[in-house]
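Enquirer: Following this message is one structure expressed as structure tokens.
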Amino acid sequence: MNPDSTPLRIVEVGPRDGLQSLDARYSVETRLEWIGKLAQAGIQEIECGAFVRNDLVPAMANCDQLFQSLGATPFRKWALVPNRRGMESALTSGADALAFFTSATEEFSQKNTACSREESIDRFREIVKDSADLPLRAYISCCFECPYEGLVDPREVITMSLRLLDAGAREIVISDTIGSANAQQMGPLIDQLSDHLPLSSVALHLHDTHGHALECARVAWEHGIRTFDASAGGLGGCPFAPGASGNVSTEALVNLFQGMGIDTGIDTKGLAETQAWFSVQKTSDL
């Protein structure tokens with residue numbers, strides 16, 4: 001049983017964050033079937049795609065067609081949107097939850113979204129105004145270390161978190177964008193966050209670049225985090241963060257929590273079969 005009454009949430013980000021930095025390109029049909037198989041394995045929330053510029057992130061091409069083809073689903077369909085235009089496309093296409101992204105550091109914000117952190121907050125407010133009261137989460141990139149500015153002051157993370165919540169975010173996603181975090185850093189940051197905002201509004205997005213993601217997840221759980229992002233097969237990374245190799249894998253995260261006696265609601269055999277199927281799919285030109 002869980003050590004408190006708050007259940008574990010795992011948000012599957014493979015079909016978005018997993019694919020966005022890969023050289024491979026998968027057809028809408030393959031992505032649809034993959035998402036369906038992930039849902040059949042028991043995953044309740046899936047980030048299915050991003051409404052971004054195809055020339056910058058070509059793996060996310062045809063997301064409008066993807067979401068329209070998904071239609072009504074028993075799982076929550078998250079869409080990543082960078083601005084109001086992306087949000088409008090996501091809503092029109094049938095997304096039922098929205099994610100936005102900004103950064104704890106100024107230079108990464110400029111590299112990733114071609115705007116300052118202040119401008120990103122303004123963009124977020126525009127999204128909030130017309131988000132139709134859908135679930136709305138905000139990623140904060142580089143919460144531990146930035147590939148351009150180095151180690152990040154936790155006060156910057158707290159400030160951005162509070163500003164995003166004040167602007168209308170319902171959930172803040174603390175992101176270890178380049179996979180540099182370790183267990184010794186994780187607990188103190190979460191404890192500092194908990195002094196300023198409820199941990200029920202905080203999720204954790206880990207990359208496993210240096211092999212510390214599972215230990216970070218364990219420590220985060222012990223300090224009160226109950227929502228975790230993961231990518232099936234450990235696929236992905238940020239195309240705008242040098243060295244940001246794969247996300248923590250959904251399979252590994254599920255095994256970690258199940259080994260701790262925590263119910264994930266996810267069928268590990270079904271998840272493994274899904275990834276075995278996906279690994280042999282041929283890419284296609286889009």
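Enquirer: Quick one: length gained pulling R85 to D122 fully straight, 0.36 nm per residue minus the C-alpha distance?
Expert: 12.0 nm
Enquirer: If you don't mind, there's one more thing I want to ask. Quickly work out the T92-to-S200 label distance, labels modelled 7 Å from Cα along the C-beta direction, and quote it in nm with one decimal.
Expert: Modelled inter-label distance: 3.7 nm.
Enquirer: Then there is this: If you stretched the chain out fully between E107 and Q40, how much longer would it get, using 0.36 nm times the residue separation minus the C-alpha to C-alpha distance?
Expert: Stretched fully, the E107-Q40 segment lengthens by 20.1 nm.
Enquirer: Another one. In angstroms, what radius of gyration and Dmax does the range 18-121 have, counting Cα atoms only?
Expert: Cα radius of gyration and Dmax of the range 18-121 are 14.2, 41 Å respectively.
Enquirer: Stretched out fully, how many nm does the piece from L162 to D133 gain, at 0.36 nm a residue minus the Cα gap?
Expert: Going from the current span to full extension adds 8.5 nm.
Enquirer: Let me ask something else about it. If you look for lysine pairs in the chain that are eight or more places apart or on different chains, how many of them have Cα atoms under 25 Å apart?
Expert: Number of lysine pairs found: 7.
Enquirer: Taking Cα pairs under 8 Å and at least six residues apart, what relative contact order does the range 9-278 come out at, in percent?
Expert: 21 percent
Enquirer: Hey, could you pull the Cα Rg and Dmax for the range 122-173, both in Å?
Expert: Rg, Dmax (Cα atoms, Å): 12.4, 38.
Enquirer: Continuing with the same structure: Where does each of W78, W221 land when they are ranked from fewest to most other beta-carbon atoms within 10 angstrom?
Expert: Fewest to most other Cβ atoms nearby, the residues stand as W221, W78.
Enquirer: Right, something else. Please report the orientation-averaged projected area of the range 9-278, defined via the convex hull of its C-alpha atoms, in nm².
Expert: Hull-based average projected area comes out at 12.4 nm².
Enquirer: Points 7 angstrom from Cα along the Cβ direction at D23 and A183: gap in nanometres?
Expert: 3.6 nm
Enquirer: What's the Cα-based Rg to Rh of the range 61-142, Rh via Kirkwood?
Expert: Rg divided by Rh gives 1.00.
Enquirer: Further question: Count the DSSP beta bridges whose two residues both fall in the chain, then state the antiparallel fraction as a percent rounded to the nearest 5.
Expert: Taking every DSSP beta bridge with both residues in the chain, the antiparallel ones total about 10 percent.
Enquirer: Okay, next question. Among 168-178, 149-159, how do they line up by average Cβ neighbours within 10 Å per residue, starting with the highest?
Expert: Highest-to-lowest ranking by the protection proxy: 168-178, 149-159.
Enquirer: Related question: Using packing as a proxy for protection, rank 270-280, 202-212 so that the peptide with the highest average count of other Cβ atoms within 10 Å comes first.
Expert: In decreasing order of mean packing, 270-280, 202-212 become 202-212, 270-280.
Enquirer: Near P7, within a Cβ-to-Cβ distance under 9 Å, what is the net charge of the other residues, with Lys and Arg +1 and Asp and Glu -1?
Expert: For residues surrounding P7, the net value is +1.
Enquirer: When the helices in the chain are scored as -39500 (n - 2.57) per DSSP H run of 4 or longer and the sum is shared across all residues, what 222 nm value do you end up with, to the nearest 500 deg cm²/dmol?
Expert: Here the helix-only value at 222 nm equals -11500 deg cm²/dmol.
Rule-based calculations on the coordinates, nothing more; no lab input. For clarity, every value in this text was computed on a predicted model and none was experimentally measured. Neighbour counts are summed over all protein chains in view; Cβ atoms, including those assigned to glycine, are modelled from backbone coordinates with ideal geometry.
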